[in-house]
Number of protein chains: 2
Amino acid sequence: MENVRELFHTMTKRLGLLDRNCCAVGGIELSLVQSHILYEIDRMNEPSMQQVADAIAMDITTFSRQIQTLVKMNLVKKTPYPQDRRVYILSLTPEGKYVTAKIDAEVNEYLGEVFSHMSEFERETVLHSIRLLNECMAKSSVCCKPLF
Amino acid sequence: MENVRELFHTMTKRLGLLDRNCCAVGGIELSLVQSHILYEIDRMNEPSMQQVADAIAMDITTFSRQIQTLVKMNLVKKTPYPQDRRVYILSLTPEGKYVTAKIDAEVNEYLGEVFSHMSEFERETVLHSIRLLNECMAKSSVCCKPLF
DNA sequence: AATAAATACTTGCATGATGCAAATAAAAGG
DNA sequence: CCTTTTATTTGCATCATGCAAGTATTTATT
């Protein structure tokens, strides 16, 4: 087996750059972290602060302040949770939904461009491989343990 | 095509965690950024500061200070370049080489563990896919443009 | 029921990362 | 020469980070 780490490093570096290029929508400029927070809130079902912070593997105190910023930017809403009054449920405001959808579309467009350099068969192979990789990482006891 | 972005997001998130778990060697604790800097210096051939900063897509001023820290930690050496006295050539000290090799071994071990959940054929398919993906990202005009 | 322990979230504080503007120094071009 | 470009460093302001500690609320224990 050749140098596997190098393959992964190159890939994640480039995907990271792609991500970084997708943090501006209209007049709004987001940090990478903020973009990821919106992404997770959008994906999860009525998540609490703690749940999202865990999903992102971010310290809850830093997360708390990031959320304060996003609420001020009118992208995220914090709703008290009646069943447990310690908890806040996070959701996207309409503007937050819009921004998140725009970013999602842009990332997908970029990815589509990358995939346009492949045949249909190659594309399917690559997607299948990533799916498989994700499953194996989920199985692995050694990495990514605390989450998922 | 299902949600491609989600696949990539999950993958990079997990690989990021794996990376973060590989920043401690013996008594030395590195930040992710420092680990990446060592990795690039190790890979490149007698690189200048600017070249490594570009490869990592990091602002040269931040990079300069990170290098100062790594020099103080005795992991990196800055050698004046006689042919152009504005330039410093970066290299790893013996200790830096040791740390970098250790981290490399640890990451590869983790990746090996992940791949152990696959058949030989699947493993080859996944590696081939990543290689292909890297090539297509390199071709793509839309992402990762400034580098490589 | 009363108290202790655990959980969710926030704030204080110190430290470190970031990046622009500006400085220095050296090379390259005219 | 003199101007422009390039490589690196430093000043400065801002933001991110995470530990310790605090508040509020819920759950567990007696």
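The values are calculated or read from the model by the stated rules, or taken from the named source; none is laboratory data. Worth saying up front: this structure is predicted, and the values here are computed from it rather than measured. Glycine gets a Cβ as well: all are built from the backbone with ideal geometry, and neighbour counts include every protein chain shown. Accessible surface is based on the protein model in full, side chains and every heavy atom, while ligands, DNA and RNA are left aside. Shrake-Rupley method; radii C 1.70, N 1.55, O 1.52, S 1.80 Å.
Here are some notes:
- Residue check, A:E40 within 12 Å of the chain's Cα centre (by Cα) and away from DNA strand C (no atom under 11 Å from the Cβ): yes
- Test: residue in the range B:32-46 that is more than 16 Å from DNA strand D (Cβ to nearest atom), in a helix (DSSP H, G or I) and touching a Phe, Trp or Tyr at 6+ places or on another chain (Cβ under 9 Å): no
- Checking each residue in the range A:76-91 for being touching a residue at least 12 places away in the same chain (Cβ under 8 Å) and either away from DNA strand C (no atom under 16 Å from the Cβ) or farther than 17 Å from A:A24 by Cα (or both) picks out A:K77, A:K78, A:T79, A:Y81, A:V87, A:Y88, A:I89, A:L90, A:S91.
- Taken over the range A:49-79, the criterion of being of a type in the set (S, T, N, Q) and either in contact with a Leu (Cβ under 7 Å, 6 or more places away or on another chain) or within 11 Å of DNA strand D (Cβ to nearest atom) (or both) is satisfied by A:T61, A:T62, A:S64, A:Q66, A:Q68, A:T69.
- A:T79, sole failed condition from (1) more than 19 Å from the chain's Cα centre (by Cα); (2) within 14 Å of chain B (Cβ to nearest Cβ): (2)
- Evaluation of B:Y110 against (1) surrounded by fewer than 16 Cβ atoms within 10 Å (Cβ to Cβ); (2) more than 9 Å from DNA strand C (Cβ to nearest atom); (3) assigned to a helix (DSSP H, G or I) (one fails), failing number: (1)
For every residue, the table says whether it meets (1) more than 7 Å from chain B (Cβ to nearest Cβ); (2) farther than 30 Å from B:E120 by Cα; (3) exposed (fewer than 14 other Cβ atoms within 10 Å of the Cβ); (4) in contact (Cβ under 8 Å) with a residue 24 or more places away in the chain.
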residue: A:N3; (1), (2), (3), (4): yes, no, yes, no
residue: A:L18; (1), (2), (3), (4): no, yes, no, yes
residue: A:L32; (1), (2), (3), (4): yes, yes, yes, no
residue: A:S35; (1), (2), (3), (4): yes, yes, no, yes
residue: A:E40; (1), (2), (3), (4): yes, yes, no, no
residue: A:N45; (1), (2), (3), (4): yes, yes, yes, no
residue: A:M49; (1), (2), (3), (4): yes, yes, no, yes
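- Residue count for the range B:57-75, restricted to those that are within 12 Å of DNA strand C (Cβ to nearest atom), open to solvent by 30 Å² or more (accessible area, probe 1.4 Å) and of a type in the set (V, I, T): 4
- Selection status of A:A101, more than 8 Å from chain B (Cβ to nearest Cβ) and open to solvent by 50 Å² or more (accessible area, probe 1.4 Å): yes
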